1. It is to be established whether one or more residues within segment 322-331 are in contact with a Leu (Cβ under 8 Å, 6 or more places away or on another chain), of a type in the set (Gly, Ala, Ser), at negative phi and crowded, with 22+ Cβ neighbours inside 10 Å.
2. In segment 347-387, what count of residues is obtained for those that are of a type in the set (Lys, Arg) and crowded, with 17+ Cβ neighbours inside 10 Å?
3. Only one residue in Ser173, Ser151, Ser163, Ser124 is over 30 Å from Ser363 (Cβ atoms) and in contact with a Ser or Thr (Cβ under 9 Å, 6 or more places away or on another chain), so which one is that?
4. Within segment 277-285, does at least one residue satisfy the condition of being of a type in the set (D, E, K, R), at pLDDT 95 or above, touching a Gly at 6+ places or on another chain (Cβ under 6 Å) and under 29 Å from Ile18 (Cβ atoms)?
5. Which helices (runs of 4 or more DSSP H) does segment 41-140 wholly contain that include 3 or more residues that are more than 10 Å from the ligand (Cβ to nearest atom) and closer than 28 Å to Ala308 by Cβ?
6. If His244 meets every condition in (1) in a helix (DSSP H, G or I); (2) at pLDDT 95 or above; (3) within 29 Å of Ala22 (Cβ to Cβ) apart from one, which number is that one?
7. Please pick out the residue among Leu108, Leu62 that is over 23 Å from Ala24 (Cα atoms) and touching a residue at least 60 places away in the same chain (Cβ under 8 Å).
8. Is it the case that some residue within segment 5-20 is touching a residue at least 60 places away in the same chain (Cβ under 8 Å), surrounded by fewer than 19 Cβ atoms within 10 Å (Cβ to Cβ) and either assigned to a strand (DSSP E or B) or touching a Pro at 6+ places or on another chain (Cβ under 6 Å) (or both)?
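The values are calculated or read from the model by the stated rules, or taken from the named source; none is laboratory data. For clarity, every value in this text was computed on a predicted model and none was experimentally measured. All Cβ positions, glycine included, derive from the backbone under ideal geometry; neighbour counts span all protein chains shown.
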Amino acid sequence: MRKISILGATGSIGQSTIDLIARAPDAYDVVALTGGRNIAQLATDAIALQADLAVTAFEDELPALRQALGGSSVEAAAGQKALIEAATRPADWVMSSIVGVAGLAPGLKALEQGACLALANKESLVCAGKLLLQTAKTHNARLLPVDSEHSAVFQALVGEEISAVERIIITASGGAFRDWPVEDLKGASLAQASSHPNWDMGQRITIDSASMFNKALEVIETREYFGVDPSQIEVLVHPESLVHALVGFRDGGLMAHLGAPDMRHAIGYALHWPERRDLPVERLDLAAIGQLNFRKPDLLRYPALEQAQQVMQRGGLMGAVFNAAKERALDHFIAGRIRFTDMAEITARVLDQIESQSGLIDSAMTLDNVTQIDHMARRAADAVTAHNIG
Ligand code: NDP
C-alpha cells in the first residue's frame, strides 16, 4: 500500500485528490490530511479514509477538530508546528495543495523526508523554485507538477531532451472578464471575479484567473520547473480550456496536450506516474467541439503578465515579492477595500519599491530569507493600499 498525505485536503485540489483515492481505498494508506477552517470536511475525510492524523493550520480550531473526530482513532493536531509534523511523517506521495506561500515550508519538509511531492501549490515554485528543486535533489525526492499546464508540458516532454525545446506555450482561459471592455474592469465586483467560465476552482485562484495573476505565476513556475529562458515562454488565450499547453521543438514540431478541464487529469497523472491508469474524466469529442480558438493576451487587460517578465528578469527573491504583494492585494480585493484593477497597481508599486530599496532580493534563497522578504512585501502592499489606493 502506498503511504499518502494531502496538505490542503479540504480545498478544491485536495477534494479532487480524495475523490481519486477514495475510489481505490485498498491501494492507499492515508498518513495525514491537513486543512484550515473547514473542520467538518477535514474530520469527515480523515475518518472515511482512516487517516492516522488530521491537522488544522489554525490552533483555535483544535477543540472543534477534536470534537468532530470524537470516537475515531484519528489523531488531531493544530497550528504551524503540527502542519510541519504532518509533512514530516514518512509518506511515499504527498499532495501539496495548500493555497499561497503557506504551502512552502510543509512542501520542503515533505521533500526532505524523500517523498514524491505532487505540487499544485505553484506559489512555492514562484517564491523559492531553486530551493525546492535543490531540496528535492539533495534528498533524492521527486517533484511532480500538478498545475494542468505544467503537467501538460511535463507529459509532452516524456522521452525528449529539454535542449530540443524551442518554446513552451501555456494557455489561459482568459478568466471571467476576457470579453469585457477594458474600461469596465474597474467596476468588476467580487462575485463577478469569482466566477470562472470553464474551471471549478477555489475562490482565490478563480479571481487570479480573471486578472491573470494566476497565469503570471504559472509563467514563472514554467521557468523555474523546466529551466527555460523567459523568452521561450508564451501565453495564449484559449477560451475552450481544452489544450493546456504546447511544447515547440527545434524541428518546428509542436506537441500539444488536450483534456477536459478537470484537475483530476493532472492529479491522477501525478498520482500514478510514471504509469497511466484509468481516470474518471470526460473523454473529449473533438468532432462535437468543432473548433479551438487561440489569441494573444491583451497586456492592457492583463498587466500581471508584464510584471512576471520584470520578476524573471530581476531574478533573486523577486518571485517571493511578487507573490506576497499579489496575495495581499487579493486579500484587500476580497475584503472590499480596493477595486479589481487596483490589485495590479499595488503589485507594480511594491515590485518597483522593493527592487530599488532592498538588497535582500539578492540574498541566498533560504526559507528564512524568503519569509523575511514575503513579510516585507506584504507590509509594502498594505502601505500602498492605505496611502495611495481608493
Ligand atoms: P482552496 O482555497 O480550495 O484550498 C486551499 C487549501 O489550503 C484548503 O485545504 C485550506 O483549508 C488550506 N489553507 C488555507 N489557508 C491555509 C493556511 N494559512 N495554512 C494551511 N492551510 C491553509 O485552493 P485550491 O485547491 O483551489 O488551490 C490549492 C493550490 O493549488 C493553490 O496553490 C492553487 O494555486 C493551486 N492550483 C489549484 C487549481 C484548482 O483547480 N483549484 C489548479 C492548479 C493549481 P480550509 O479550506 O479548510 O480553510
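1. Yes, that holds for at least one residue.
2. Number satisfying all stated conditions: 2.
3. Unique residue meeting the criteria: Ser173.
4. Our first condition is that a residue be of a type in the set (D, E, K, R); within segment 277-285, this holds for 277-278, 282-283, 285.
Filter once more, keeping what is at pLDDT 95 or above: 277-278, 282-283, 285.
Pick out the ones that are also touching a Gly at 6+ places or on another chain (Cβ under 6 Å) and you get none.
The answer is no; no qualifying residue exists.
5. Values: elements: 62-69, 80-88, 104-112, 122-138.
Per the criteria, 104-112, 122-138.
6. The failed condition is (1).
7. None of the others qualify; the one that does is Leu108.
8. Within segment 5-20 (the criterion being touching a residue at least 60 places away in the same chain (Cβ under 8 Å), surrounded by fewer than 19 Cβ atoms within 10 Å (Cβ to Cβ) and either assigned to a strand (DSSP E or B) or touching a Pro at 6+ places or on another chain (Cβ under 6 Å) (or both)), the answer is no, since none of the residues qualifies.
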